[in-house]
Every structure is written in C-alpha cells, then in structure tokens.
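The values are calculated or read from the model by the stated rules, or taken from the named source; none is laboratory data. This structure is a prediction, so every number in the text was calculated from the model and none was measured. Reconstructed Cβ throughout: ideal geometry from the backbone, glycine too, with neighbour counts over all protein chains shown.
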Amino acid sequence: MPGHPQRAPKVRPGFPARLGTVADVLTPHQQAPSASAQSRVAPVGVGLDSSAVRRSMIAKLAQQGLADARVQAALTAVERHRFVDSALVNQAYEDTSLPIGLGQTISKPSVVARMIALLLEPVSGKLGRVLEVGTGCGYQAALLSQVCTEVYSIERLRGLHEKARDNLRHLRLANVHLLFGDGMLGYPKGAPYAGIIAAAGGDQVPACWLEQLAVGGRLVAPVVSVGTQQALLVADKTPQGMVHTLLELVHFVPLKSGVA
Ligand code: SAH
C-alpha cells in the first residue's frame, strides 16, 4: 500500500477482506498488522488508527463491568464505524445508539456487549448456533459471528436486510446467514438454537422463540415490563422448564410483525 510498503500485512487489496478470529485478536502480534491495515482505509473523522479509539471504548466498557474476554475480543475485531453512515462515523465509538435508516437504530455498544455477554454466560468458549432477531445494519451479527459457531440473523425491513448484506459482504463471514422475514416467527429451519437474541422489544416473547431454543439454551431479549417501559429478559430453557429473569430497564425499537 502506498506509504507503508514495509508494514504491509498479508491481506488482500481492499481490506477488510475478512475479520480475524477471536484467537487472532487476542494475540497482540497478530493484532498489530491487522490494525495498521485497517488504518489505511479508516474514514476521515475516526482518525488514522481506529483500533485505538475502539480499544479506548472497550476499556471504558470494561471499567463499567464488561468482563467477558470473548466479547471484548469481538468488539476489538469488528469496526463499528463501518456500520454507520459517514456523517455519524465520529460518534461510532461513543456509547450511544445511532440511526441506521428506516427509523431504526444500532444499539449502544454497552447494551450490545451486555446482551452478548449474558447470551454467552452459560458456556465457556464459543456458543453454538444462534438466532438474532433484528439484523439492522449487521453490527451485532458481525460480533456474534466471532463468539458463536453459526449465526442466523433475520430482519423484517428489506432495506436494512440489504444494507446489512452490503456492510458484511467484505468481511466474508461464512458463519453468518442473513435472512429477510418476520423474526416474530423465529426461524425454525435453524432450530434448535443454543441462543436467541433480539434487538427489538415486544409485549411478550413469542412462544415460538422458546420452542426453537435448545434445552440448555438461553434467550436474551427486551420485553415490555411496566407500561411502555422495557426490561431485559433472560430466559433459560432447562430440562425442568423455562427460568425467566428480568434485569435492568432498556430502550429498544419495537418488535413488529410482518415484513416491509
Ligand atoms: N442488531 C441491530 C440492531 C437493529 S435495531 C444492529 O446491530 O444494527 C432492531 C431491528 O429489529 C430493526 O432493524 C427492526 O426493523 C428489526 N425488527 C423489528 N421487528 C422485527 C421482526 N419481527 N423480525 C425481524 N426484525 C425485526
């Protein structure tokens, strides 16, 4: 690449060709060339080295209690600024939700990290097959691809389904399957899931989600708790039945039925 021939890592032209694995990003020696490769194409506004901004975001999240190394590694590997409009790139590593078009938002990094950490809590290492309801711009799907063996991600708005496909194309994540459809019906073809994670909140969790969850699996989703207020629900499917735990209040876009 112009300017840094001696530092050029072995990546294809037009990086990002693919994301590193979690093991890759945990190895500092492997992280350095990858970061320099990213810096050459970092958009104006994030600066020359977006990995530094990302590291500082993760350090803040860790201070706030994000302890899971798998989630930290995924947040390191996935460049959030590539999933937001160019006008918002400056805010990509702030802990804030941002508009992604069609009235929808990419969730705050702290909330995404918290939900994925909860999803992974019952297992060590990688989680198995996961269903994500609400692909949006594809950011969370990319994170999930780092910590799960297989990701089925469904979106009801065609415009966003296509946007996510564009955003993820260059990452060549072979374990991510983007689906266009009504996630309120789940996706029975991929069931049973080790995990189900929803990025949109309804009055209740659709019964089919719980049916499509494997025994031993966990669901993490926002649900309406009191009035219009949403809370984070963790539902574990045990051999004895479902165990539901309501956690902190959250604010997600509504879960809607049908496609558009
Ligand atoms: N995880 C996303 C967040 C997107 S916001 C990201 O990283 O960008 C939540 C998304 O859920 C919206 O795009 C919305 O269209 C979608 N959604 C709402 N109801 C849905 C449903 N029934 N099926 C699929 N997607 C749904």
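Among the candidates 130, 147, which residue alone is out of contact with any Lys or Arg (no Cβ under 6 Å at 6 or more places or on another chain) and at pLDDT 95 or above?
130
Give the stretch 77-90 a look and list any residue that's in contact with a helix residue (DSSP H, G or I) (Cβ under 8 Å, 6 or more places away or on another chain) and either assigned to a loop (DSSP other than H, G, I, E, B) or more than 16 Å from residue 111 (Cα to Cα) (or both), or say none.
77, 78, 79, 81, 82, 83, 84, 89
Out of the residues in the stretch 164-178 that are in contact with a strand residue (DSSP E or B) (Cβ under 7 Å, 6 or more places away or on another chain) and assigned to a helix (DSSP H, G or I), state the one that is surrounded by the most Cβ atoms within 10 Å (Cβ to Cβ).
The residue in question is 164.
Would you pick out the residues in the stretch 195-204 that are surrounded by 21 or more Cβ atoms within 10 Å (Cβ to Cβ) and either in a loop (DSSP other than H, G, I, E, B) or of a type in the set (S, T, N, Q) (or both)?
199
Is the stretch 179-194 home to any residue that is touching a strand residue (DSSP E or B) at 6+ places or on another chain (Cβ under 7 Å), more than 11 Å from the ligand (Cβ to nearest atom), under 15 Å from residue 153 (Cβ atoms) and in a helix (DSSP H, G or I)?
Among the residues of the stretch 179-194, at least one is touching a strand residue (DSSP E or B) at 6+ places or on another chain (Cβ under 7 Å), more than 11 Å from the ligand (Cβ to nearest atom), under 15 Å from residue 153 (Cβ atoms) and in a helix (DSSP H, G or I), which makes the answer yes.
Mind listing whichever residues of the stretch 175-199 are farther than 25 Å from residue 216 by Cβ and either β-branched (Val, Ile, Thr) or out of contact with any helix residue (DSSP H, G or I) (no Cβ under 6 Å at 6 or more places or on another chain) (or both)?
Hits for the stretch 175-199 are 181, 182.
Which residues, counting only those in the stretch 91-149, are assigned to a strand (DSSP E or B) and either surrounded by fewer than 17 Cβ atoms within 10 Å (Cβ to Cβ) or of a type in the set (Val, Ile, Thr) (or both)?
Of everything in the stretch 91-149, those that are assigned to a strand (DSSP E or B) and either surrounded by fewer than 17 Cβ atoms within 10 Å (Cβ to Cβ) or of a type in the set (Val, Ile, Thr) (or both) turn out to be 99, 100, 101, 105, 106, 128, 130, 133, 149.
Given the criterion more than 9 Å from the ligand (Cβ to nearest atom), more than 13 Å from residue 68 (Cα to Cα), out of contact with any Phe, Trp or Tyr (no Cβ under 7 Å at 6 or more places or on another chain) and in contact (Cβ under 8 Å) with a residue 24 or more places away in the chain, identify the matching residue among 133, 123, 151.
Result: 151 is the single residue among 133, 123, 151 that is more than 9 Å from the ligand (Cβ to nearest atom), more than 13 Å from residue 68 (Cα to Cα), out of contact with any Phe, Trp or Tyr (no Cβ under 7 Å at 6 or more places or on another chain) and in contact (Cβ under 8 Å) with a residue 24 or more places away in the chain.
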